[in-house]
Amino acid sequence: MGDILVFVEHRSVSLREVSLQIISKADELATKLAGRLTAVVLAAKADFLPSDFSSRADRLIVVEDERFSDFDFTAAAEVISKIIKEQSPHLVMMGHTPWGMDLGPALSVRTGLPLSTDCVDITLDGTRVKTVRQLYGGKLFARVSFRDDSKGCIITVRPGSFPVAASCGRKGELVRIENAANLPASSSRFIEYLDTGAGEIDITQAELLVSIGRGVGEKERIEEIRELAGLLGGVVSCSRPVVDRGWLPKYHQVGTSGKSVKPKVYLALGISGAFQHVAGIAGAGTVIAVNKDKKAPIFRVADYGVVEDLFAFSDALKEELGK
Amino acid sequence: MDIIVCVKRVPFTQEVDLEIDKSGKSIVTDGLAYVINDWDGYAVEEAILLKERIGGNVIAVTVGSEDDEEVLRRALAMGADRAIRIDTCGRSLDGLVVAKAVAAAIKGFPLDLVLTGVQADDDNQAVVGIMLAEIMGLSHAAVVRGIEPEEGSLKVRVELEGGIDEIRQVKLPALLTIQSGINEPRYVSVMGIRKAAKKELKVIGIDELGLSEADLALATEIEEVYLPPETGGAEMLSGDPSKLARAVIEIMRRKGVAV
Ligand SMILES: Cc1cc2nc3c(=O)[nH]c(=O)nc-3n(C[C@H](O)[C@H](O)[C@H](O)COP(=O)(O)OP(=O)(O)OC[C@H]3O[C@@H](n4cnc5c(N)ncnc54)[C@H](O)[C@@H]3O)c2cc1C
Ligand SMILES: Nc1ncnc2c1ncn2[C@@H]1O[C@H](COP(=O)(O)O)[C@@H](O)[C@H]1O
């Protein structure tokens, strides 16, 4: 009872930060539940794990197989559902990452365990697990419970929701399985990684970013913001929809699927503040947000807020700078 | 290529003060405008582009009420051949039930590819697509922003974090959840939507799909919804635009930016 299983992600022979965040939260929950914490690492060779990693779990199941040098959905889902069936954990946790978004719902269907995705908090009501997640891009929060969690439940956790604990002090028994037997043929095959990030300008080095979102409305008006950035001595960056629409090249994009930036000042114009965006500005010194919607979620993470039409604001700023 | 594309109608909540309803478990939806889920617009466009390129048939599916047919008509106007609405028969649903309903409704259809959006803009769950794939036994990939058809498979571009994409080969038949930016959804006029009204739009009740009560039972329950805490947010600046501009310049200078 009360056992927790965490699926650990790695990429290009390096452990992913999100997995450390999750295992830290799992440590806290497992302590409260008096359960055992098991981490599952599927890799070609798990030699990239930091030396203190095993102390973060009671049990480390390492499955080594060539097919796990990259994410192989078929093999991963097979191995993890088998472990779930054998161990019947109280709670299964993984990241709400592109891979977790593939694995979580699939495991839920295969094991019959209920699923709550993209959770920003996890609480315990006795031994029952409840989650907090956001709706409408962060405009609303919901507390979610599982109707029938008697056999366990699965949670995908939003990256950045929990800090990484310095250490956990668990005993870290290592169970190593080499060449997991009888894996079914994969329905997909990894070919290669492509880096889409490089470009003419590097927004990660800018001291001042003038960042535009969908609120800019149309491509033609971006020129006005470029002028503003020029006057301020800043660099133009943007949210995802601006890139999706082809208004700016991808290397301008801030966020989980774009870049993490660390300017002294981040001026967000017409950006709502979805988590995939604000995850990219955690390192910004000061965030100033301009938005017509006074309830825009960006105002919860910004240091200063301006409720105004972004063009009216931009024009006024230009005028002041011209004085 | 026979393609099924799932679409959902979602409320547009920008510049709207969300109000929690009496149950405390959802929002008041009266007076909200509705749109096609952003990601689904890209999924429909991708289905139509594939059909235009290699031929085939596109069916748009939604699970919802009569009002939700609006998004099916939009998909038809964009080029889908026919549409199916699965009526909720007054039930409340969750992601798994929606996936089961779609799977039951399209069972036996000739099918190479199913497309859904990565996530719905209202519940932000990102579950229906992959659950549907698993129920139907299809290969799948989540967060796809490029598709290249090959013999018996697709070469897809899966978007990972930090500007890294993964190129993967996925066997057909498959389900892909489509990420925004994969294409440029075509514009449809009111006229176009009206014309598309001639195309077939079939309605099936969720209760007619042969699903048991156990199938239709919800796995999760929203206990309560609440508005984000008001405290701890930004210091709000006030005044006319020039006063605001002066205040912002002042902040920038204080934070060490030379303006
Ligand atoms: C897997 C995944 C990865 C993602 N990665 C990223 C990422 O890396 N980066 C990213 O940004 N997003 C990313 N997203 C998308 C993210 O979820 C949001 O959809 C996106 O950030 C919204 O961008 P936005 O704020 O510009 O647009 P919207 O949410 O549409 O907000 C526009 C805002 O502009 C305001 N506005 C409109 N007109 C004006 C005006 N005239 N003046 C002032 N304000 C105005 C509106 O009130 C609104 O708040 C990702 C999504 C997924 C599912
Ligand atoms: N009621 C529905 N009807 C049809 N498709 C849906 C419905 N709900 C979700 N989907 C599809 O599943 C995707 C992911 O939704 P969700 O899992 O709810 O975030 C959406 O982009 C749609 O393509």
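Using the Cβ atoms and a cut-off under 11 Å, what net charge is assigned to the surroundings of residue B:17, where Lys and Arg are +1 and Asp and Glu are -1? Spell out each step's value before the answer.
On the way: positive: A:139, A:294, A:295; negative: A:293, B:15, B:19.
Charge balance in the 11 Å sphere: 0.
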### Message
Explain nothing, just compute: Karplus ³J(HN,Hα) = 6.51 cos²θ - 1.76 cosθ + 1.60, θ = phi - 60°, for every residue of the range B:91-105 in order, whole Hz, x for Gly and Pro.
### Response
8, 8, 10, 10, x, 5, 5, 4, 4, 4, 5, 5, 4, 5, 5
### Residues whose placed amide H lies under 5 Å from that of residue A:92, excluding near-sequence neighbours
A:5, A:153, A:154, A:155
### Summary
Quick calc, residue B:194 & residue A:12: beta-carbon distance into FRET formula, R0 35 Å, rounding 0.05, result 0.10
### Task
Once you've got the GNM for chain A with C-alpha springs shorter than 10 Å, pick whichever of A:310, A:269, A:124 has the biggest mean-square fluctuation.
A:124
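Using the Cα gyration tensor of chain A, with a ≥ b ≥ c the square roots of its eigenvalues, what is the shape: rounded (a/c below 1.5), prolate (a/b larger than b/c) or oblate (neither)? Spell out each step's value before the answer.
Details: a/c = 2.42, a/b = 1.90, b/c = 1.27.
Prolate is the answer for chain A, as a/c is 1.5 or above and a/b outweighs b/c.
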### Query
Mean separation of Cα pairs under 8 Å and 6+ residues apart, divided by the residue count of the range B:2-208: what relative contact order is that in percent?
26 percent
## Note on the structure
Amide H proximity to residue A:237 below 5 Å, modelled H, separation 5+ or other chain, gives A:210, A:211, A:212
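Using the Cα centre as the reference, give the magnitude of the dipole from point charges on the C-beta atoms of chain B (Lys, Arg: +1; Asp, Glu: -1; all else neutral), rounded to the nearest 20 debye. Don't jump to the answer; show the numbers that get you there.
Details: 29 positive and 44 negative charges, 192 e Å.
Around 920 debye, computed over chain B.
Hey, how much of the P(r) for the range A:97-244 falls beyond 29 Å, as a percent of Cα pairs?
Numbers: 5278 of 10878 pairs.
Tail of P(r) above 29 Å: 49 percent of Cα pairs.
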### Mean projection area, nm², convex hull over Cα of the protein assembly as shown
26.7 nm²
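With +1 on each Lys and Arg Cβ and -1 on each Asp and Glu Cβ, and nothing else charged, work out how big the dipole of the range B:91-183 is about its Cα centre, in Debye to the nearest 20. Write down the numbers at each step before the final one.
On the way: 8 positive and 13 negative charges, 70 e Å.
Result for the range B:91-183 is approximately 340 debye, rounded to the nearest 20.
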### Query
What list of ³J(HN,Hα) couplings, whole Hz, do you get for the range B:149-159 from phi and the Karplus terms 6.51, -1.76, 1.60, once you set θ to phi - 60° and write x for glycine and proline?
x, 10, 5, x, 8, 10, 9, 10, 10, 8, 8
### Message
Mean-square fluctuation check for chain B, GNM, Cα pairs under 10 Å: which of B:159, B:221, B:69 is largest?
### Response
B:221
### Query
Picking from A:291, B:96, B:50, whose Cα lies most toward the positive end of the charge dipole for the protein assembly as shown (charges on Cβ: Lys, Arg +1; Asp, Glu -1)?
A:291
### Query
Across 10 Å bins from the origin, how do the percents of Cα pairs in chain B run, short distances first?
6, 26, 30, 20, 10, 6, 1
### Query
How many Å³ per residue does the convex hull of the Cα positions in the range A:203-322 occupy?
87 Å³
### Query
What's the FRET efficiency of residue B:258 with residue A:51 using the Cβ-Cβ distance as r and R₀ = 60 Å, to the nearest 0.05?
0.85
### Query
If you average 1/r over every pair of different alpha-carbon atoms in the range A:4-178 and take one over that average, what Kirkwood value in Å do you get?
16.1 Å
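State to the nearest 20 debye the size of the charge dipole of the protein assembly as shown about its Cα centre, where the only charges are +1 on K and R beta carbons and -1 on D and E beta carbons. Could the numbers behind the result be given before it?
Working: 69 positive and 85 negative charges, 73 e Å.
Charge dipole, the protein assembly as shown, about its Cα centre: 340 debye, nearest 20.
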### Task
For an R0 of 41 angstrom, estimate the FRET efficiency from the Cβ-Cβ distance between residue A:179 and residue B:217 and round to the nearest 0.05.
0.55
### Query
In the structure shown, do any of A:219/A:318; A:295/A:323; B:107/B:199; A:130/B:155; A:259/B:255 have a Cα-Cα gap over 28 Å, and if so which?
A:295/A:323; A:130/B:155
### the range B:1-90 - Rg over Rh from alpha carbon coordinates, Kirkwood radius
1.07
### Message
Spelling out what I want: for every residue of the range A:44-61, take phi, set θ = phi - 60°, compute 6.51 cos²θ - 1.76 cosθ + 1.60 (Karplus), and round to whole Hz; glycine and proline get x.
### Response
5, 8, 8, 7, 8, 5, x, 4, 8, 4, 5, 6, 8, 9, 6, 9, 10, 9
### Query
By per-residue mean of other Cβ atoms within 10 Å, what is the highest-first order of A:113-119, A:27-33, B:16-22?
A:113-119, A:27-33, B:16-22
#### Entry: Estimated inter-spin distance, residue A:224 and residue B:208, nm [label 7 Å along Cα→Cβ]
5.2 nm
### Message
Could you tell me which residue out of B:60, A:135, A:48 lies farthest along the dipole of the protein assembly as shown toward its positive end? Charges go on the beta carbon: Lys and Arg +1, Asp and Glu -1, centred on the Cα centre.
### Response
A:48
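For the residues A:99, B:39, what sequence is obtained by ranking on other C-beta atoms within 10 Å, fewest first?
Numbers: A:99 23, B:39 26.
So the residues, fewest neighbours to most, are A:99, B:39.
Read-outs throughout are calculated quantities, based only on the coordinates presented, and are distinct from any laboratory measurement. What you see is a predicted model; the values in this text were computed from it and never measured. Counting neighbours? That spans all protein chains shown, and the Cβs are built from the backbone with ideal geometry, glycine included.
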